Amino acid sequence: MQSRFTSALFAALLTLLLGSLLLGVTMVSEGIDLVLELSEPHKIYGLIIGAALVFIIQYFKQEVGAVTTRLRGDGSFEMPAFIRTPKQQRLWGFMAVGALLIFPFVSSRGAVDIATLTLIYVMLGLGLNIVVGLAGLLDLGYVGFYAVGAYSYALLNFYFGLSFWVALPIAGLLAALFGFILGFPVLRLRGDYLAIVTLGFGEIIRILLNNWTDLTGGPNGIARIPKPDLFGLEFNRRASEGGQTFHEFFGIPYSSEYKVIFLYLLAFALVLLTLYVINRLIRMPIGRAWEALREDEIACRALGLNPTVIKLTAFTIGASFAGFAGSFFAARQGFISPESFTFIESAIILAIVVLGGMGSQLGIILAAMAMTILPEMAREFDEYRMLLFGLMMVLMMIWRPQGLLPMKRPHLELKRD
Amino acid sequence: MLTLENVHTHYGPIEALKGVSLNVQQGEIVTLIGANGAGKSTLLMTVCGDPRASAGTITWKGNDITKEETSKIMRTGLAVVPEGRRVFSAMTVEENLSMGGFFNKTTYDQRMAHVLELFPRLEERFKQRAGTMSGGEQQMLAIGRALMSEPELLILDEPSLGLAPLIINQIFDIIHKLRDEGMTIFLVEQNANQALRLADRGYVIENGKIVLEDTGANLLVNEDVRKAYLGG
């Protein structure tokens with residue numbers, strides 16, 4: 001009892017001490033000097049409340065622990081009763097697709113925009129999931145392939161005038177090629193070493209894009225990347241030379257919302273395609289081989305599987321999805337620069353995969369939504385936004401370290417009474 | 001069928017095999033016994049090409065496989081049950097077995113039926129995750145998985161490791177049954193007593209060298225072997 005009190009008090013004082021240095025004082029410039037002053041009262045009160053909270057949580061640690069253990073469960077996740085059979089799951093899937101198709105027509109432009117961004121992250125998450133979640137290869141440079149895809153479209157359009165639809169498959173192929181090239185040196189590496197090399201690779205691509213000014217425009221990036229068209233119909237107010245616009249073709253007044261909705265639907269179609277392809281891959285022998293490799297590389301070799309080939313396919317296929325996402329990103333933004341492809345992007349995509357529960361596709365979709373929508377919703381907290389975000393991640397790791405929806409393998413267990 | 005001639009294997013500067021020669025003939029059970037660190041597992045892994053032999057030749061069905069890639073060697077009718085079972089624990093029994101039959105789909109159903117006949121326990125656990133099974137069941141799965149590739153030579157690395165005596169007997173019964181079906185078996189064991197009783201021939205390895213070679217029955221009564229491996 002005694003030690004419980006002292007340790008709680010110690011934690012609270014520590015919080016107060018650290019917090020008061022970070023939040024309790026502000027720097028004010030007086031002439032050429034900087035002086036420390038006490039912050040506004042509400043910050044001080046906040047600090048005291050925070051310290052009190054830490055004290056209470058520490059004091060009742062065991063009780064809190066019991067609650068979190070219950071939340072954590074045994075790692076398994078039961079679907080609610082109404083979505084358990086495959087038939088019901090398909091029905092719900094169709095309903096979700098239907099709802100998402102109607103969504104852009106009934107919500108605001110801003111919401112559709114964020115939804116489009118979410119879909120890009122879903123695509124990236126699903127792609128990285130192949131490498132990290134299924135094949136078990138920690139890739140911290142995934143953003144490199146995203147950049148390759150984005151720059152492929154931007155440059156092919158800039159220099160050769162290729163349209164989005166022609167550039168999309170090329171971007172996927174180029175990203176896949178880069179995945180293949182990266183695959184070679186990292187074949188012998190595992191775990192931490194692999195993570196470092198891939199991290200370096202992502203940075204190399206970004207720095208290359210930044211410095212190869214003649215080709216890529218360097219830090220200025222590439223602007224005026226055209227938006228995708230719909231069977232030759234453009235979404236601009238005025239048609240380009242020899243082109244036709246969407247609203248003229250259908251004889252309706254121009255609205256910039258058409259473009260936003262079209263981009264959303266396009267992203268949605270790409271995500272559906274990604275889901276379809278990856279689902280097929282997982283059911284194919286190569287999908288099994290990825291999982292087997294994650295489980296035990298030595299056993300794979302003993303069975304005559306070639307880990308080199310399996311790793312290469314995982315890297316290549318994973319990268320190609322980043323390529324598709326990248327070229328769509330370039331088309332949507334209309335402007336790209338190396339700024340968009342920093343390490344933090346890799347970290348976010350990885351966080352989506354881990355948060356979603358490695359290997360689980362539904363989990364990744366949910367996590368991508370959480371990772372893009374929550375920061376948007378928390379905008380009113382302005383400078384505390386990322387703090388809040390970090391806190392959420394920490395809580396998540398305490399309560400559900402296995403992710404939102406861990407991958408579930410079909411299996412039967414004997415019931416014990 | 002399988003012949004090693006003066007094979008040397010190095011781990012960096014350490015020489016783990018110092019010129020090993022042995023052979024396994026079609027249809028026999030050959031066992032390799034030795035103490036911890038004598039080079040049993042190294043020898044076996046060298047046959048599989050990982051680590052690769054630094055000198056000497058390994059011939060399998062008349063072909064030199066000394067410099068061949070592991071994954072290729074493992075597709076030429078050779079199957080290994082690695083030490084410590086190494087089943088894919090998050091995958092079901094069925095998926096584990098299907099990984100064993102990865103490269104040969106034509107006779108898949110027959111081989112699956114055969115494996116399940118050998119190990120009825122695996123059929124009971126068909127949809128269960130391998131990691132949730134007992135050690136003995138996992139060992140059965142590891143052997144079943146190796147059999148799925150329809151091997152001509154089955155290499156077993158310490159199949160009795162960490163198992164209860166009753167289970168060990170079951171495993172050895174299965175090995176016997178496999179031999180009766182015409183399978184050639186190369187068995188690496190610490191459990192020298194049981195291995196020698198089962199084997200047609202045996203080799204004793206010490207410090208990376210083969211020191212004795214004889215029939216299983218003879219080794220079983222050999223004074224030195226009794227002293228060193230069978231507890232007097």
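So that you can scan it fast, the table gives a plain yes or no per residue for (1) at pLDDT 80 or above; (2) in a helix (DSSP H, G or I); (3) open to solvent by 50 Å² or more (accessible area, probe 1.4 Å); (4) outside the structural domain of A:Gly356 (by TED's automatic domain parsing):
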| residue | (1), (2), (3), (4) |
| --- | --- |
| A:Leu13 | yes, yes, yes, yes |
| A:Leu23 | no, yes, yes, yes |
| A:Leu91 | yes, yes, yes, no |
| A:Met95 | yes, yes, yes, no |
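Cβ-Cβ contacts under 7 Å between residues 6 or more apart (or on different chains), taken from a first residue in region B:27-45 that is in contact (Cβ under 8 Å) with a residue 40 or more places away in the chain to a second residue that is assigned to a strand (DSSP E or B) and of a type in the set (Asp, Glu), are listed as B:Thr31/B:Glu189; B:Ile33/B:Glu189; B:Gly34/B:Glu206; B:Ala38/B:Glu206; B:Ser41/B:Asp157; B:Leu44/B:Asp157.
Considering only residues that are open to solvent by 60 Å² or more (accessible area, probe 1.4 Å) and among the polar types (S, T, N, Q), which ones fall in region B:91-133? The answer is B:Thr106, B:Gln110, B:Thr132.
Within region B:194-231, the residues that satisfy the criterion of being over 21 Å from B:Glu5 (Cα atoms) and open to solvent by 60 Å² or more (accessible area, probe 1.4 Å) are B:Arg197, B:Ala217, B:Asn218, B:Val221, B:Glu223, B:Asp224, B:Arg226, B:Lys227, B:Ala228, B:Gly231. Residues in region A:293-328 that are open to solvent by 50 Å² or more (accessible area, probe 1.4 Å) and either more than 14 Å from chain B (Cβ to nearest Cβ) or of a type in the set (Gly, Ala, Ser) (or both): A:Phe324 only.
Just one of (1) surrounded by 22 or more Cβ atoms within 10 Å (Cβ to Cβ); (2) under 30 Å from A:Phe94 (Cβ atoms); (3) away from chain B (no Cβ under 14 Å) trips up A:Trp290, so point out which. Result: A:Trp290 passes all but (3). Check region A:99-108 and report whether any residue there is closer than 30 Å to A:Trp290 by Cα, modelled with pLDDT of 75 or more and open to solvent by less than 80 Å² (accessible area, probe 1.4 Å). No - not one qualifying residue is present in region A:99-108. Being in a loop (DSSP other than H, G, I, E, B), more than 14 Å from chain B (Cβ to nearest Cβ) and within 30 Å of A:Ile114 (Cβ to Cβ) is a property that A:Tyr258 lacks. Number of residues in region B:158-193 that are of a type in the set (Gly, Ala, Ser), surrounded by 15 or more Cβ atoms within 10 Å (Cβ to Cβ) and either part of a loop (DSSP other than H, G, I, E, B) or more than 16 Å from the chain's Cα centre (by Cα) (or both) equals 1. Within region A:158-184, being surrounded by fewer than 19 Cβ atoms within 10 Å (Cβ to Cβ) and either among the basic types (Lys, Arg) or within 19 Å of A:Ser320 (Cβ to Cβ) (or both) holds for A:Leu162, A:Trp165, A:Val166, A:Pro169, A:Ile170, A:Leu173, A:Leu177, A:Phe180, A:Ile181, A:Phe184. Scanning region B:111-136 for residues that are in contact with a Lys or Arg (Cβ under 8 Å, 6 or more places away or on another chain) and farther than 19 Å from B:Ala79 by Cβ turns up B:Arg129, B:Met133, B:Gly135. Would you call A:Ile48 at pLDDT 70 or above, open to solvent by 70 Å² or more (accessible area, probe 1.4 Å) and not assigned by TED's automatic domain parsing to the domain that holds A:Ser360? Against the criterion (at pLDDT 70 or above, open to solvent by 70 Å² or more (accessible area, probe 1.4 Å) and not assigned by TED's automatic domain parsing to the domain that holds A:Ser360), A:Ile48 qualifies. When B:Asn6 is tested against (1) part of a strand (DSSP E or B); (2) surrounded by 15 or more Cβ atoms within 10 Å (Cβ to Cβ), just one condition goes unmet, and that condition is (2). A count restricted to region B:15-40 and to residues that are open to solvent by less than 30 Å² (accessible area, probe 1.4 Å) and of a type in the set (D, E, K, R) stands at 2. Remark: pairs (first residue in region A:178-195, in the same structural domain as A:Lys311 (by TED's automatic domain parsing) and basic (Lys, Arg); second residue surrounded by fewer than 19 Cβ atoms within 10 Å (Cβ to Cβ) and not in a helix (DSSP H, G or I); Cβ separation under 9 Å; 6+ apart in sequence or on different chains) = A:Arg190/A:Leu138.
All conditions in (1) within 30 Å of B:Leu219 (Cα to Cα); (2) within 14 Å of chain A (Cβ to nearest Cβ); (3) of a type outside the set (Asp, Glu) hold for B:Gln25, with the sole exception of (2). Every condition in (1) over 19 Å from B:Ala195 (Cβ atoms); (2) in a helix (DSSP H, G or I); (3) within 12 Å of chain A (Cβ to nearest Cβ) is met by B:Glu137 except one, and the failing one is (3). The set of residues in region B:35-66 being among the acidic types (Asp, Glu) and at pLDDT below 90 consists of B:Asp50 alone.
Does B:Leu43 satisfy being away from every other protein chain (no Cβ under 14 Å), open to solvent by less than 10 Å² (accessible area, probe 1.4 Å) and not in a strand (DSSP E or B)? Yes. For B:Ala142, the conditions (1) modelled with pLDDT under 90; (2) buried (at least 16 other Cβ atoms within 10 Å of the Cβ) all hold with the exception of (1).
Scanning region B:76-124 for residues that are part of a helix (DSSP H, G or I), at the interface with chain A (Cβ under 7 Å from one of its Cβ atoms) and among the hydrophobic types (A, V, I, L, M, F, W, C) returns a single hit, B:Met99.
Looking at the structure I just gave you, is A:Arg283 free of Cβ contacts under 8 Å to residues at least 40 places away in the same chain, facing chain B (nearest Cβ under 8 Å) and open to solvent by 40 Å² or more (accessible area, probe 1.4 Å)? Criteria not met by A:Arg283. With respect to (1) farther than 22 Å from A:Cys300 by Cβ; (2) within 14 Å of another protein chain (Cβ to nearest Cβ), the lone exception for B:Glu181 is condition (2). Based on this model, can you work out whether A:Arg237 counts as surrounded by fewer than 14 Cβ atoms within 10 Å (Cβ to Cβ), without any contact (Cβ under 8 Å) to a residue 40 or more places away in the chain and assigned to a helix (DSSP H, G or I)? So A:Arg237 does not fit the description; no. Residues in region B:145-157 that are open to solvent by less than 10 Å² (accessible area, probe 1.4 Å) and either in a loop (DSSP other than H, G, I, E, B) or farther than 12 Å from A:Ala302 by Cα (or both): B:Met148, B:Leu153. Residues in region B:46-71 that are within 14 Å of another protein chain (Cβ to nearest Cβ), open to solvent by 20 Å² or more (accessible area, probe 1.4 Å) and farther than 17 Å from B:Gly19 by Cβ: 3 in all.
Do you know which residues across region A:130-157 are open to solvent by less than 10 Å² (accessible area, probe 1.4 Å), of a type in the set (Gly, Ala, Ser) and not in a helix (DSSP H, G or I)? Matches in region A:130-157: A:Ala135, A:Gly141. Of the residues making up region A:256-281, those that are farther than 21 Å from A:Phe329 by Cβ and in contact with a helix residue (DSSP H, G or I) (Cβ under 7 Å, 6 or more places away or on another chain) number 1.
The values are calculated or read from the model by the stated rules, or taken from the named source; none is laboratory data. As the structure is a computational prediction, the values presented were derived from the model and not from experiment. Cβ: placed from backbone, ideal geometry, glycine included. Neighbour counts: every protein chain shown. Accessible surface is based on the protein model in full, side chains and every heavy atom, while ligands, DNA and RNA are left aside. Shrake-Rupley method; radii C 1.70, N 1.55, O 1.52, S 1.80 Å.
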